[in-house]
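Peer 1: Can you keep this structure in mind? I'll have questions shortly.
The values are calculated or read from the model by the stated rules, or taken from the named source; none is laboratory data. On a predicted model such as this, the values are computed, not experimentally measured, just so you know. All Cβ positions, even for glycine, are placed from backbone atoms using ideal geometry, and neighbour counts span all protein chains on display.
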Amino acid sequence: MPGLILSAPGSASGKTTITLGLLRALYNRGVPIRSAKSGPDYIDPRFHAAASGAECLNLDAWAMTPDTIRNLAEGDETLLIEGAMGLFDGAPPNGKGATADLARILNLPVILILDISHQAQSAAAIAHGFATLDPTINIAGLILNKVGSPRHERMVRIALEPLNIPILGSILRQPNLQTPSRHLGLIQASEHPDLNAFLDQAADIVETSVDIDALFALATQQIQSKAPATILPPPAQRISVASDTAFAFAYPHLLQGWHAAGAEIQTFSPLANEPPPPCDLVFLPGGYPELHAGKLAANEVFLNGLRTSPSIYGECGGYMMLGEGLINADGTRHKMAGLLSLETSFAKRKLHLGYRNLTPNGGQWTTPLKAHEFHYATTLKADGKPLFRTTDAEGTSLPDMGLQNGKISGSFAHVIAPD
């Protein structure tokens, strides 16, 4: 079960595009490959899956135990992990959850992607620092990205020579190879106007610019788990999960864990005006309901099915759907399901971001949870019994999160794993 990790000194270095190019190039070659994304991310894994033809999992070194990570990482094919932010960037105060933690837990080599668009010889100082900061991390190779010219590349290569780190590729600047984005990052893979053409273009660039065979020759065997994964017990026996472009943010490892524990999982589409299938619990994941609020407000079959469901749990976008009203970016208010005394708005956006420790105060959950919060919604009204007592990654107390009303509950937190 060999694997390797693609990381970088920071965000916007080209990790995702190069990862997608590698995955699609191997897919086009007929080479089986698996992928994972470091940390809490719903967008990139869907692009991974489209590129490789295989589902992408999240490996979160802040929320998951090492044995859970090792269990999830196991498989027959080579595992390619895309890092998040910079290699050593994680949660405060000490960076826990960084991509470097995954490298240590799985004992995998790191391929460092260097964005050299605004530097030349100074790239060697950055590479040297990353290679020597932590002796437990193996920087096994480099990929030069956003190279301006052959002369630019030659200058950087000469500066890097004393480090004796293999340079596996050099990719010229690609101004036309950009993915559209919105306030949470990239658009979803299902919304990309020409996804396959984009992935094939990325694959062509990687094939001609990176020594793929040499790169994957550096992959090493992962450390296997010695104990079972810590799985969050299913919150019900029969679970109906909303699944479309408005409610797409459900973690595969959670749904797979619930199914492995014996739960029955069905999906339905609120945007297609489908009611939840008969179940014990409706799960409304996060997503972009604010972009489809008018249509959702008019889908009476979906709304009536929701209102007659025995129990509902909503996360982030799903939580807003359970409220009384949602105001979109242009200031238009749309009536929601009206099952919680909640009003939210995107007319004035405010970023809420970070890991969260959750202690249930009733509702469907009975155990402390690890979660994260990432949204721009403003809460105008939230009346009722809170769902969670909450602290941040450093243990600092935060205001209680979420609401519950009988068997209906939700919050802005995305649950990752049991605490």
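Peer 1: Given the conditions (1) within 24 Å of the chain's Cα centre (by Cα); (2) in contact (Cβ under 8 Å) with a residue 40 or more places away in the chain, report the number of the one that residue 405 does not fulfil.
Peer 2: Among (1) within 24 Å of the chain's Cα centre (by Cα); (2) in contact (Cβ under 8 Å) with a residue 40 or more places away in the chain, the lone unmet condition for residue 405 is (1).
Peer 1: Evaluate the following for residue 391: is it within 23 Å of the chain's Cα centre (by Cα) and free of Cβ contacts under 8 Å to residues at least 40 places away in the same chain?
Peer 2: Yes; evaluated as a whole, the condition is true for this residue.
Peer 1: May I ask you to verify whether residue 298 is in the same structural domain as residue 390 (by TED's automatic domain parsing) and in contact with a strand residue (DSSP E or B) (Cβ under 6 Å, 6 or more places away or on another chain)? Working first, answer last.
Peer 2: Details: in the same structural domain as residue 390 (by TED's automatic domain parsing): yes; in contact with a strand residue (DSSP E or B) (Cβ under 6 Å, 6 or more places away or on another chain): no.
Taking the combined requirement at face value, the residue does not satisfy it.
Peer 1: Out of 240, 209, 190, report the one residue that is of a type in the set (Gly, Ala, Ser) and farther than 28 Å from residue 5 by Cβ.
Peer 2: Working: 209 fails: farther than 28 Å from residue 5 by Cβ; 190 fails: farther than 28 Å from residue 5 by Cβ.
Answer to the selection: 240.
Peer 1: I'd like to check something: does region 178-192 contain any residue that is farther than 19 Å from residue 45 by Cα and not assigned by TED's automatic domain parsing to the domain that holds residue 245? Quick ask: steps written out before the conclusion?
Peer 2: First, the residues of region 178-192 that are farther than 19 Å from residue 45 by Cα: none.
No, there is no match, as no residue in region 178-192 is farther than 19 Å from residue 45 by Cα and not assigned by TED's automatic domain parsing to the domain that holds residue 245.
Peer 1: Just give me the residues in region 129-162 being in contact with a helix residue (DSSP H, G or I) (Cβ under 6 Å, 6 or more places away or on another chain) and in a helix (DSSP H, G or I), in sequence order.
Peer 2: Within region 129-162, 156, 159, 160 meet the criteria.
Let's see how each residue does on (1) surrounded by 23 or more Cβ atoms within 10 Å (Cβ to Cβ); (2) not in a loop (DSSP other than H, G, I, E, B):
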position	(1), (2)
64	yes, no
72	no, yes
76	no, no
88	no, no
111	yes, yes
114	yes, yes
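Peer 1: Name the residues in region 292-317 that are outside any strand (DSSP E or B) and either without any contact (Cβ under 8 Å) to a residue 12 or more places away in the chain or within 20 Å of the chain's Cα centre (by Cα) (or both), would you? So that I can check it myself, show each step before the final result.
Peer 2: Taking region 292-317 as the starting set, the residues that turn out to be outside any strand (DSSP E or B) are 292-311, 316-317.
If the condition is that a residue be outside any strand (DSSP E or B) and either without any contact (Cβ under 8 Å) to a residue 12 or more places away in the chain or within 20 Å of the chain's Cα centre (by Cα) (or both), then 298, 308, 316, 317 are the ones that fit.
Peer 1: Restricting to region 116-128, name every residue that is under 29 Å from the mean Cα position of the chain (by Cα) and either more than 13 Å from residue 142 (Cα to Cα) or in a loop (DSSP other than H, G, I, E, B) (or both).
Peer 2: 116, 117, 118
Peer 1: Would you be able to tell me the number of residues in region 309-336 that are surrounded by 23 or more Cβ atoms within 10 Å (Cβ to Cβ) and either among the aromatic types (Phe, Trp, Tyr) or under 19 Å from residue 275 (Cβ atoms) (or both)?
Peer 2: To start, the set of residues in region 309-336 that are surrounded by 23 or more Cβ atoms within 10 Å (Cβ to Cβ) comprises 312-323, 326, 336.
The next check asks that each one be either among the aromatic types (Phe, Trp, Tyr) or under 19 Å from residue 275 (Cβ atoms) (or both); those that pass are 312-314, 317-319, 321-322, 336.
Residues that pass the stated criteria total 9.
Peer 1: When you check residue 363 against the structure, is it crowded, with 20+ Cβ neighbours inside 10 Å, under 14 Å from residue 290 (Cβ atoms) and either under 26 Å from the mean Cα position of the chain (by Cα) or modelled with pLDDT under 95 (or both), yes or no?
Peer 2: Details: crowded, with 20+ Cβ neighbours inside 10 Å: yes; under 14 Å from residue 290 (Cβ atoms): no; either under 26 Å from the mean Cα position of the chain (by Cα) or modelled with pLDDT under 95 (or both): yes.
Against the criterion (crowded, with 20+ Cβ neighbours inside 10 Å, under 14 Å from residue 290 (Cβ atoms) and either under 26 Å from the mean Cα position of the chain (by Cα) or modelled with pLDDT under 95 (or both)), residue 363 does not qualify.
Peer 1: Of the numbered conditions (1) within 30 Å of residue 375 (Cβ to Cβ); (2) part of a helix (DSSP H, G or I); (3) touching a residue at least 60 places away in the same chain (Cβ under 8 Å), residue 101 satisfies every one except a single condition; which is it?
Peer 2: Going through (1) within 30 Å of residue 375 (Cβ to Cβ); (2) part of a helix (DSSP H, G or I); (3) touching a residue at least 60 places away in the same chain (Cβ under 8 Å) one by one, residue 101 breaks only (3).
Peer 1: Let me ask something additional. For region 332-342, does any single residue satisfy the condition of being outside any loop (DSSP other than H, G, I, E, B), touching a Pro at 6+ places or on another chain (Cβ under 8 Å) and either of a type in the set (A, V, I, L, M, F, W, C) or closer than 20 Å to residue 372 by Cα (or both)? Lay out the reasoning, then the answer.
Peer 2: Start the filter on region 332-342 by keeping residues that are outside any loop (DSSP other than H, G, I, E, B), which leaves 333-335, 341-342.
Next, only the ones that are touching a Pro at 6+ places or on another chain (Cβ under 8 Å) stay: none.
The answer is no; no qualifying residue exists.
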